[in-house]
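So the structure is just underneath, and the comments pick up after that.
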Amino acid sequence: METRADNPPNGRAAPESATAKKLGKQMEKVGHTAEQVWDRTRESFSDFGDTIDLKGRVSRNPYGTVAAAIGIGYVLGGGLFTPLTSRIVRLGVRIGLRLAVLPLLKQEMAEIVDSLEEDVGGGRGEAKGQASKRTRTRGEEP
């Protein structure tokens, strides 16, 4: 048995106007649903914007807001796992370690030097005398 567009399987052809009306109703329903979804989405974003006070943040800190937008765009754009990001992270780690570790090393070295001066000098008076000699050699006044 053969079916064709002009010969439907049930033997009756639907009138053109009924098919058009049915399609029109479906399109209207889809359009109405899409409009509802759009309205809900717009309301949600409006509520979200009010919650985080976006306009106030932009007016109080415009540069920070632009920097945050650039960072979010970079991450969402797929820039997180790129060679540029790895270079930036390595540089940040190096700088961070230097800023964090160097003061600790300086403090430890100063404590070691102080303890050595106390041990070698035999007392505080001699250690102070040696320290004053060092300052004089640098061109500073005692």
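Taken together, the values in this text are just the output of simple stated rules run on the coordinates, not laboratory data. Bear in mind the structure is a predicted one, so any value in this text is a computation, not a measurement. Counting neighbours? That spans all protein chains shown, and the Cβs are built from the backbone with ideal geometry, glycine included.
Some points to look at:
- Cut-off 12 Å between beta-carbons: net charge of the residues surrounding Ser46, Lys and Arg +1, Asp and Glu -1: -1
- Contour minus Cα-Cα distance for Glu111 and Ser59 (0.36 nm per residue): 13.8 nm
- A simple spin-label model places pseudo-atoms 7 Å from Cα toward Cβ; at Thr41 and Val93 they are separated by 4.0 nm.
- In plain terms, the chain from Thr19 to His32 could stretch by 2.7 nm, reckoned as 0.36 nm per residue minus the Cα-Cα distance.
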